[in-house]
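K.L.:
Right, I'll just put the structure down here and ask away after.
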Amino acid sequence: MKTTDIFAKKPVLSFEVFPPKRTNPVETIYETLDSLRKLNPDFISVTYGAGGSENCKATTEIASRIKNEYGIESVAHLPCIGLKRDDVISLLGGFKRAGIDNILALRGDIPEGGRPDGDFEHASDLISFIKEHDEFREFNVLAACYPEGHTESENILTDIRSLKTKVDAGADHLITQLFFDNDCFYRFRERASLAGIHVPVEAGIMPVTNKKQIERMVSLCGVSLPSKFTAMMERYEHNPEAMRDAGIAYAVDQIVDLIARGVDGIHLYTMNNPYVAAKIHEAVCRLLAA
Ligand code: FAD
C-alpha cells in the first residue's frame, strides 16, 4: 500500500526507526518493533546510513519484515549521495523484491571530507530517476522537507523552491525535519502551499530525552530552540528521568497543537525507544481518532 492512500484518514501517525549499530545484532530492532506494533502506527520508516551495502541490507530486511511479518506498511529510506545509476537500480530492485512499496528518496549529508563521486546531485535527481524507469515508477516516493530551511540553503524561500522541484519530479508525500517551534512549521506550511506544494506534509517530532542528544541535533540540523524548551533542558539536565518526562510532555504539547491545527500527520522519531513512543501514544491516541 502507498503511504499517500493512508491520508484519507487524517491525521496519520507514523514512526521512524533505525537499524541497530554494527556492534549490536540486527535482532535487537525486532524487540523494539514488537513493542511499537502494539501502538498501531499507520506506517514505520527505516533509515539508511548513506554509503554502505551492509546498511542497505539491514534497511531492506527490517522494512520487509515490518511489512510482511508485522503487517504494518513500511518505508525504506534511500540516500543517493555517492551512488551510481547502476547501484540505485540494484537497490530499488532489492526493495521491490522485498515487497516494499514506499521509498523516502534523499540526498544524504555531505561527509566532512567532501562530496563523494556519484551520479545524483540532489534528491530530486533520484526521484526523477525512479519515475523515469517503468519498473520503478509504481514506487510511492516520499521526500524530506525543512520547516526552518536546509542548512545549505541561502534562505527558506530558495529551499522551498528546491522542494517544489522535488514535488514536481514526483514526490508524493513529505516528512519534515524535527522542529521544536510549531510556528516555524505553520509558516513553512503556508509558504509551501503558496508555492504550489499540495502533497501531504507530516510533521517530524522528536521527543528529547537528554541534553547531549539535542546538542548534536542542533549542530547537525540547525533547528531553533524556543526559550521554554531551553529552560526545560536547563532545569532537568542533571535528572535523567525528569528530563525524559519533560521531553515527552513537550512533544505531547507540540502534537496536541499540531492536531488542533489540522496537520496531515505526525512522524515520530522514536530513536528506537518504545517506552517514549508508548507514553506519547497514550497521551494523544484519543485525539488522533477524534
Ligand atoms: P536535497 O533535497 O537534495 O536538498 C539538499 C540541499 O540542496 C538543500 O539546500 C536544497 O534546498 C538544495 N536543493 C535540492 N534540490 C535542488 C535542486 N534541484 N537545485 C538546487 N538546489 C537544490 N540521511 C541519511 O543519510 N539517511 C536517512 O535515512 C535519512 N533520513 C532522513 C529522514 C528525514 C525525514 C529527513 C528530514 C532527513 C533525513 N536524512 C537522512 C538527512 C538528509 O539526508 C539530509 O538532511 C541531507 O543533507 C539532505 O537531504 P535531502 O534529501 O533533503 O536533499
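K.L.:
Which lysines have a Cα lying under 19 Å from the Cα of LYS21, excluding residues fewer than 8 positions away in the same chain?
P.N.:
Excluding near neighbours in sequence, the set is LYS57, LYS212.
K.L.:
Taking the C-alpha atoms of the chain, how large are the radius of gyration and the largest Cα-Cα span, Dmax, in Å?
P.N.:
Over the chain's Cα set, Rg and Dmax evaluate to 18.2, 55 Å.
K.L.:
Follow-up question, since we're still on this one. Could I have the simple spin-label model distance between SER224 and TYR186, label points 7 Å from Cα toward Cβ, reported in nm to one decimal?
P.N.:
Placing both labels 7 Å along Cα→Cβ, they lie 1.4 nm apart.
K.L.:
Something else now. Using r as the Cβ-Cβ distance of LYS164 and THR23, and R0 as 41 Å, what FRET efficiency do you calculate, to the nearest 0.05? Numbers along the way, then the final one.
P.N.:
Numbers: r = 41 Å, r/R0 = 1.01.
The pair LYS164/THR23 has a calculated efficiency of 0.50.
K.L.:
Taking LYS38 as the anchor, which aspartates and glutamates have their alpha carbon closer than 19 Å to its alpha carbon, excluding any fewer than eight residues away along the same chain?
P.N.:
LYS38 reaches GLU16, GLU27, GLU69, GLU73, GLU282.
K.L.:
Tell me, what is the FRET efficiency for GLU152 and LYS212 to the nearest 0.05, using R0 = 25 angstrom and their Cβ-Cβ distance as r? Numbers along the way, then the final one.
P.N.:
Details: r = 25 Å, r/R0 = 0.98.
Calculated transfer efficiency: 0.50.
K.L.:
Between SER193 and LYS96, with labels modelled 7 Å along Cα→Cβ, what's the label distance in nm to one decimal, could you check?
P.N.:
About 3.7 nm separates the two model spin labels.
K.L.:
Give me the aspartates and glutamates in straight-line cross-link reach of LYS211: C-alpha distance below 16 Å, same-chain residues under 8 apart excluded.
P.N.:
Filter leaves GLU234, GLU237, GLU241, ASP245.
K.L.:
A further question follows. Can you work out the PRE-style zone for GLU31? Point 7 Å along Cα to Cβ, and I want the residues of segment 259-290 with backbone N under 17 Å.
P.N.:
271-278
K.L.:
Also, I was wondering about something else. Starting from the eigenvalues of the Cα gyration tensor, five times each then square-rooted, give me the equivalent ellipsoid semi-axes of segment 1-136, largest first, whole Å.
P.N.:
Equivalent ellipsoid semi-axes, largest first: 25, 19, 13 Å.
K.L.:
Taking H placed 1.01 Å from N in the peptide plane, check which residues at least 5 places from VAL12 or on another chain put their amide H under 5 Å from its amide H.
P.N.:
GLY265, ILE266
K.L.:
I need the shape label for segment 114-164. Rule: rounded when a/c is under 1.5, else prolate if a/b > b/c, else oblate, with a, b, c from the alpha carbon gyration tensor.
P.N.:
Taking the square roots of the gyration eigenvalues as a ≥ b ≥ c, segment 114-164 is oblate.
K.L.:
Residues of segment 245-265 with amide nitrogen under 19 Å from the 7 Å Cα-to-Cβ point of ARG235?
P.N.:
245-257
K.L.:
I would also like to ask the following. Based only on the alpha carbon positions, what is the Kirkwood hydrodynamic radius of segment 85-126, in angstrom? Please list the in-between numbers first.
P.N.:
Working: mean 1/r = 0.0851 Å⁻¹.
About 11.8 Å, per the Kirkwood formula over Cα pairs.
K.L.:
Now, a different point. Between ASN40 and ASP119, what length in nm is gained on full extension when 0.36 nm per residue of separation is reduced by their alpha carbon distance?
P.N.:
On the way: separation 79, 0.36 × 79 = 28.44 nm, distance 3.84 nm.
Full-extension gain reported as 24.6 nm.
K.L.:
So, one more: How long are the three semi-axes of the equivalent ellipsoid of segment 188-269, in whole Å, if each is the root of 5 times an eigenvalue of the C-alpha gyration tensor, listed from largest down? Intermediate values should be presented prior to the final figure.
P.N.:
Details: eigenvalues 147, 41, 22 Å².
After diagonalising the Cα gyration tensor, the semi-axes are 27, 14, 10 Å.
K.L.:
Continuing with the same structure: Among SER74, SER35, rank each residue by its count of other Cβ atoms within 10 Å, from fewest to most, as a rough exposure measure.
P.N.:
Numbers: SER74 27, SER35 14.
Going from sparsest to densest Cβ surroundings: SER35, SER74.
K.L.:
Also, quick follow-up: What number, rounded to the nearest 500 deg cm²/dmol, is the helix-based mean residue ellipticity at 222 nm of the chain, given -39500 (n - 2.57) per DSSP H run of at least four residues and division by all its residues?
P.N.:
Working: 11 runs with 138 residues, N = 290.
Rounded to the nearest 500, the figure is -15000 deg cm²/dmol.
K.L.:
Give me the Kirkwood hydrodynamic radius of segment 86-191 in Å, from all C-alpha pairs, to one decimal place? Intermediate results must be reported in sequence, preceding the final value.
P.N.:
Numbers: mean 1/r = 0.0669 Å⁻¹.
Its Kirkwood hydrodynamic radius stands at 14.9 Å.
K.L.:
Please quote Rg/Rh for segment 4-57 to two decimal places, taking the Kirkwood radius as Rh and restricting both calculations to Cα atoms. Spell out each step's value before the answer.
P.N.:
Details: Rg = 13.5 Å, Rh = 12.8 Å.
Reported Rg/Rh (Cα atoms, Kirkwood Rh): 1.05.
K.L.:
Follow-up. Hey, what do the phi angles of segment 108-119 turn into as Karplus ³J(HN,Hα) couplings, whole Hz, using 6.51/-1.76/1.60 and θ = phi - 60°, x for Gly and Pro?
P.N.:
x, 6, 7, x, 4, x, x, 6, x, 4, x, 8
K.L.:
Hey, with R₀ at 25 Å, roughly what FRET efficiency would ALA8 and ALA278 work out to, going by the Cβ-Cβ distance, to 0.05? Could you put the intermediate results ahead of the total?
P.N.:
Details: r = 26 Å, r/R0 = 1.04.
Calculated value: 0.45.
Only the coordinates and a few stated rules stand behind these numbers; no lab work does. All values reported here derive from a predicted model rather than from experimental measurement. Cβ coordinates were reconstructed from backbone atoms using ideal geometry, including for glycine residues, and neighbour counts include every protein chain displayed.
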